1. Take the conditions open to solvent by less than 40 Å² (accessible area, probe 1.4 Å) and of a type in the set (S, T, N, Q) and apply them to Ser159. Does it pass?
2. Within the stretch 105-124, take every residue that is open to solvent by 10 Å² or more (accessible area, probe 1.4 Å) and modelled with pLDDT of 95 or more and give me the one that is nearest to Asn50 (Cα to Cα).
3. Inside the stretch 170-212, can you point out the residues that are of a type in the set (Asp, Glu) and open to solvent by 70 Å² or more (accessible area, probe 1.4 Å)?
4. Among the residues of the stretch 34-53, are any small (Gly, Ala, Ser), at pLDDT below 90, assigned to a helix (DSSP H, G or I) and open to solvent by less than 40 Å² (accessible area, probe 1.4 Å)?
5. Could you look through the stretch 1-33, keep only residues that are in contact with a Ser or Thr (Cβ under 7 Å, 6 or more places away or on another chain) and not in a helix (DSSP H, G or I), and pick out the one that is modelled with the highest pLDDT?
6. What are the residue pairs meeting all of these: first residue in the stretch 31-52, first residue under 9 Å from Leu122 (Cβ atoms), second residue among the acidic types (Asp, Glu) and not in a helix (DSSP H, G or I), Cβ atoms under 7 Å, and 6 or more apart or on different chains?
7. Can you work out which of the residues in the stretch 54-86 that are in contact (Cβ under 8 Å) with a residue 40 or more places away in the chain and among the charged types (D, E, K, R) is most open to solvent (accessible area, probe 1.4 Å)?
Amino acid sequence: PDSFEEVSFFKTPIKHSKTSANFLGNAWDHVKSQYFLISRGVKELSARKNNILYNSADNTAYIEVDSITPDLPKSVLWRKLNKSGKWNFRKGTRAIYYAWGWEKFIGSHRPVLLTEGIFDLLSTGLEDKGIALLGSSPNDVKFYWLKNNVSRVVVWMDSDPAGYKANEFITEKCEFFGIPCEIILAERDPKCYNRRVTSDRLFLEEIERKLI
């Protein structure tokens, strides 16, 4: 699937020359990237609030992510539109050190939704309720952080073999770290749910109630 969660990580934040900076703006303000976001169910408010960027000079969309560990620099997730109209991706190897959306839960001691990728949150309108792990095999650093900052986790992974395996892995890790954990089993991946569809909206509202 075309999504930011299949990513490459850079060691430094986005850097652009003065010339390329003239082409860098919010992804909603460019037809190509806006079409991509709409196809994934992302609304304008989310695109602007979460500062999803698009460089029209090289047809690349970006979103910054931070490492949960303080010793690593900011990084970016990126998607590049190729000549055939596909959004290319490469999978990075440093995703275990990064997550998206965790900053708003620092010291919150409230429930959090855990998903694999960013669009699992953006497409469902649940970005204020969750953290994207950027993968299905979080390392112990993330569990230490969860133990110290949230009250419990609600896990919603993709409905595929990797997602089922992740459910078992995260359940075992949460038990080890003493983190209350609930698993959501759904017929489809999170990003496939659409609030404009009544049954999907009701299902998403049920998940929101679990996070109160």
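The values are calculated or read from the model by the stated rules, or taken from the named source; none is laboratory data. In this text the structure is predicted, and so the values were computed from the model without any measurement. Positions of Cβ are backbone-derived with ideal geometry, glycine not excepted, and every protein chain shown enters the neighbour counts. In case anyone asks, the SASA skips ligands and DNA or RNA and just uses the protein heavy atoms, side chains included. Shrake-Rupley method; radii C 1.70, N 1.55, O 1.52, S 1.80 Å.
1. Yes.
2. Applying the filter and picking the extreme gives Ile106.
3. Result: Glu172, Glu175, Glu187, Glu206.
4. Within the stretch 34-53 (the criterion being small (Gly, Ala, Ser), at pLDDT below 90, assigned to a helix (DSSP H, G or I) and open to solvent by less than 40 Å² (accessible area, probe 1.4 Å)), the answer is no, since none of the residues qualifies.
5. Our first condition is that a residue be in contact with a Ser or Thr (Cβ under 7 Å, 6 or more places away or on another chain); within the stretch 1-33, this holds for 9-10, 23, 27, 30.
Keeping just the survivors that are not in a helix (DSSP H, G or I) gives 9-10, 23, 30.
On the way: Phe9: 37, Phe10: 37, Phe23: 73, His30: 93.
Per the criteria, the residue is His30.
6. Ser46/Glu127; Asn50/Glu127
7. Lys86
Quick grid of which residues meet (1) in contact (Cβ under 8 Å) with a residue 12 or more places away in the chain; (2) over 17 Å from Phe119 (Cα atoms):
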position	(1), (2)
Leu134	yes, no
Pro138	yes, yes
Leu146	yes, yes
Pro180	yes, yes
Ile183	yes, yes
Asp189	yes, no
Tyr193	yes, no
Thr198	no, yes
Ile207	yes, no
